[in-house]
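K.L.:
Would you mind keeping the following structure in view while I ask a few things?
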Amino acid sequence: MPNTVSKVLAGAVVAALLTLGGPYSSALAQNYSEQDVFSAVEANDMKALDQIAKAGASLDARNSSGDTAVIVAARRGDLELVKHLVKLGADINLMDAKKRDVLNIAITTSNPELARLALDLGIDPSMVTSVYEGSALIYGSHQGAVEIVSMLIEAGAPLDHVNNLGWTALLEATILGDGSEPYQTIVKKLGDAGADKTIADRNGALPIDHARNKGHTAIVQLLED
C-alpha cells in the first residue's frame, strides 16, 4: 500500500510541475534520458512520449547506432508512431549515421506510404543524402521505385542533382537499372519533368549512351524523344 500511495503522489507531483511549466518543466526534462525516449518507442508507448515531450526533453536524441526515434519508427514501418513523434516536435529531416533520411528508408523498405507521410509531414525532398552525397530521387531511380520517384518529382525534388560519383537520377537509372518497365517509367517521368538528358558522367557518357551500350532499346527511344 505505501508503494502505491507513493507512486500516486509522485505522479500527481509530476503532473502539477508540468502544468506550471517554465523552470519546473526544465527540471523534469533533465530526469528523462535518451534511453527513456527509445524505451517508449520500442514499447510504442504514446503516453510516455507525450509526457517526455511535455517535460521539454528532446525527442531527437540518438541511440548507439546514431538513429533518432523517428528513424527507428520509420525503419519499423510504424506510420502512426512517426506521425506522433513529429506532432510532438521530433525533426523529420534528421538522418541516420550514414546520412539516410526517412525517404531513403521508405525506398529501401519499399514503403510508398511512408514516403507520402514523410512528405506530408514536411520532409525536405531536396536534402543531400547518403555517403554518395546523392538524393532520395537518385536513390529511388536506382532502385526502380516508381511510385516514390513520382512523389518526389511532384514534391519538387531537384531533377539534376549530381552525386559524388558524378551521376544524376537519369544516369543512375540508366547505369544501374536493368531496362525493365519500372526503369522505363522512371526515365520517362524524369524526362517529362524536365531532367537534363545532356548531363554526362565523368567519362563523358550520356544517359542515352549507357542505355545503348546495355541494349535497352526502349529507354534509348525515350531518351531520343
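Bear in mind these aren't lab numbers, they're just calculated from the coordinates by the rules spelled out. The shown structure was predicted, so the numbers you read here are calculated from the model rather than taken from an experiment. Heads up, the Cβs are rebuilt from the backbone with ideal geometry, glycines too, and the neighbour counts pull from every protein chain shown.
K.L.:
Any chance you could check the Cα centroid distance between segment 140-182 and segment 112-134 for me, in angstrom?
P.N.:
A separation of 13 Å, based on Cα centres.
K.L.:
What's the lysine pair count for segment 89-225 at a Cα cut-off below 28 Å, pairs eight or more apart or interchain?
P.N.:
Value for segment 89-225: 7.
K.L.:
Mind checking which of N111, H161, I175 is farthest towards the positive end of the chain's charge dipole, using Cβ charges of +1 (Lys, Arg) and -1 (Asp, Glu) about the Cα centre?
P.N.:
It is N111.
K.L.:
Still on this structure, please answer the following. With mean projected area of the Cα convex hull in nm² in mind, check (i) 13.5; (ii) 15.7; (iii) 14.3 and report the label derived from this structure.
P.N.:
So the calculated entry is the one marked (iii).
K.L.:
With contacts defined as alpha carbon pairs under 8 Å and 6 or more residues apart, what's the relative contact order of segment 125-225 in percent?
P.N.:
It rounds to 25 percent for segment 125-225.
K.L.:
Quote the charge dipole size of segment 90-134 about the Cα centre in Debye, to the nearest 20; the model charges only the Cβ of Lys and Arg (+1) and of Asp and Glu (-1).
P.N.:
With only Lys, Arg, Asp and Glu charged at Cβ, the dipole is about 140 debye.
K.L.:
Can you tell me the dipole magnitude for segment 134-225 around its Cα centre, using point charges on the Cβ only (Lys, Arg +1; Asp, Glu -1), in Debye to the nearest 20? Please list the in-between numbers first.
P.N.:
Numbers: 6 positive and 12 negative charges, 38 e Å.
Approximately 180 debye in magnitude.
K.L.:
Cross-link partners among lysines for K87, C-alpha distance below 19 Å, same-chain residues fewer than 8 apart left out?
P.N.:
Correct list for K87: K47, K54.
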